[in-house]
1. Being more than 14 Å from VAL108 (Cβ to Cβ) and of a type in the set (D, E, K, R) is the filter here; which residues of segment 171-189 pass it?
2. Which members of segment 21-61 meet the condition of being within 21 Å of GLU81 (Cβ to Cβ), among the hydroxyl-bearing types (Ser, Thr, Tyr) and over 18 Å from the mean Cα position of the chain (by Cα)?
3. Any idea which residue in segment 42-52 is surrounded by the fewest Cβ atoms within 10 Å (Cβ to Cβ), counting only those that are over 18 Å from GLY142 (Cβ atoms) and touching a residue at least 12 places away in the same chain (Cβ under 8 Å)?
4. Give the residues of segment 144-168 that are surrounded by fewer than 20 Cβ atoms within 10 Å (Cβ to Cβ) and closer than 22 Å to LEU63 by Cα, sorted by residue number.
5. Could you tell me whether segment 31-38 includes any residue that is hydroxyl-bearing (Ser, Thr, Tyr), outside the structural domain of VAL162 (by TED's automatic domain parsing) and under 22 Å from ALA143 (Cα atoms)?
6. If SER131 passes every condition in (1) modelled with pLDDT of 95 or more; (2) surrounded by fewer than 16 Cβ atoms within 10 Å (Cβ to Cβ); (3) farther than 18 Å from ALA87 by Cα but one, which one does it miss?
7. Quick test of your reading of the structure: ILE159 fulfils all but one of (1) over 14 Å from the mean Cα position of the chain (by Cα); (2) within 12 Å of PRO104 (Cβ to Cβ); (3) of a type in the set (A, V, I, L, M). Name the failing condition by number.
8. Which condition number does TYR106 fail, the rest of (1) modelled with pLDDT under 95; (2) under 30 Å from ARG73 (Cβ atoms); (3) of a type in the set (Ser, Thr, Tyr) being met?
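The values are calculated or read from the model by the stated rules, or taken from the named source; none is laboratory data. Owing to the predicted nature of the structure, the values given are computational and were not obtained by experimental measurement. FYI the Cβ positions are ideal-geometry reconstructions off the backbone, even for glycines, and counts take in every protein chain you see.
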Amino acid sequence: MIYASRVARTKGLTFGHVQRFSIVRFGERAWSDLLGELSPSDQQALAEVVAVGWYDLDLYARLIRALDLRHGRGDLALLDELGRYEAEQDYRGIFRLFFRMASPAYMVEKTADYWRRFHDAGEWAIERRGSTAVWGALSGWGADDVLCRELVAYVKRAIELVGGKEVTLEHPRCRARGSSRCEYLMSWR
């Protein structure tokens, strides 16, 4: 049974990606500077994160919003870079062997299977639209524009990493904008 008040959680690995991204992109002090933007309780929670642990998705949203405010322009554009970086880390590391021979459509379809390894909330519906397009809907996950912005960049880069060229990814419906689910239309050459 799923309770409405249940807190969505994400793996600690995602927090590690943000830490490495901030240091690689902005220098050694970037992570400590970023932590200084957060509340003492968030700083304490982040000090205890381990890659295999489960943590509040809202904490992750606050972290990446603070990243954009501290090191970006406050317009969420930095989250495009973050999402791309995270996909590169995952698809050149964790998923490298599995997706080495995969097509972009197959990779997106498998997103539903792999989603639960990193997020304990959210359900994907995936539908192929020919050989170079996929429609996807994500229900029951975070309703924050920072999460969606990062996810769009992540998925777009993942498609590129498995061979998609000239990738476009539209996000016409979003929980952060009042929709009941997030919908995505992905296409590539």
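1. Of everything in segment 171-189, those that are more than 14 Å from VAL108 (Cβ to Cβ) and of a type in the set (D, E, K, R) turn out to be ARG173, ARG175, ARG177, ARG181, ARG189.
2. Answer for segment 21-61, where residues must be within 21 Å of GLU81 (Cβ to Cβ), among the hydroxyl-bearing types (Ser, Thr, Tyr) and over 18 Å from the mean Cα position of the chain (by Cα): just SER32.
3. Selected residue: VAL52.
4. Within segment 144-168, ASP144, ASP145 meet the criteria.
5. So far as segment 31-38 goes, no, none of its residues is hydroxyl-bearing (Ser, Thr, Tyr), outside the structural domain of VAL162 (by TED's automatic domain parsing) and under 22 Å from ALA143 (Cα atoms).
6. (1)
7. Only one criterion is unmet by ILE159, namely (1).
8. Among (1) modelled with pLDDT under 95; (2) under 30 Å from ARG73 (Cβ atoms); (3) of a type in the set (Ser, Thr, Tyr), TYR106 violates only (2).
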